[in-house]
Amino acid sequence: MAHHVPITAAAFASGSLPRLSHVARRLEQRDWLVRGLDPADGRYTVATLTEAGLAKITEAAPGHVEAVRRLVFDRLTQAQVRHLHEIGRRIAAGIDEDA
């Protein structure tokens, strides 16, 4: 199962885009993340957690992943998840403009 995480604003990571890219590269080296171009808009990078990456997050924050899935994603349709992704992208773009 793919776990997409939008990475559109380094501000969320309290750093620059190169720093965020460096962190993503390190996660890729551990097989916790894969990156690729957003098929809807090639200007963006889509980071996808691997199963090993999700396992690591679950291990690091017991109960958190299950709670987010249960309280947020289990209540949404696939279309609503796509809309949430687009909403997040627009918010991040606004943050980038204000930074």
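Quick note: the coordinates plus some simple rules give every number you see, no bench work behind them. The model shown is predicted, which means the values in this text are computed figures rather than measured ones. Glycine gets a Cβ as well: all are built from the backbone with ideal geometry, and neighbour counts include every protein chain shown.
The single condition from (1) of a type outside the set (A, V, I, L, M, F, W, C); (2) in contact with a Ser or Thr (Cβ under 9 Å, 6 or more places away or on another chain); (3) farther than 21 Å from residue 22 by Cα that residue 38 fails is (3). For segment 67-82, the count of residues that are more than 23 Å from residue 40 (Cβ to Cβ), of a type in the set (S, T, N, Q) and either free of Cβ contacts under 8 Å to residues at least 24 places away in the same chain or out of contact with any strand residue (DSSP E or B) (no Cβ under 6 Å at 6 or more places or on another chain) (or both) is zero.
A Cβ distance below 9 Å, combined with a sequence gap of six or more or placement on separate chains, defines the contacts here; from segment 20-32, residues that are without any contact (Cβ under 8 Å) to a residue 12 or more places away in the chain reach residues that are part of a helix (DSSP H, G or I) and surrounded by 11 or more Cβ atoms within 10 Å (Cβ to Cβ) in the pairs 21/10; 23/13. Right, residue 81: within 25 Å of residue 16 (Cβ to Cβ), within 16 Å of the chain's Cα centre (by Cα) and β-branched (Val, Ile, Thr) or not? No, not satisfied. The selection criterion, being free of Cβ contacts under 8 Å to residues at least 12 places away in the same chain and assigned to a helix (DSSP H, G or I), does not hold for residue 95.
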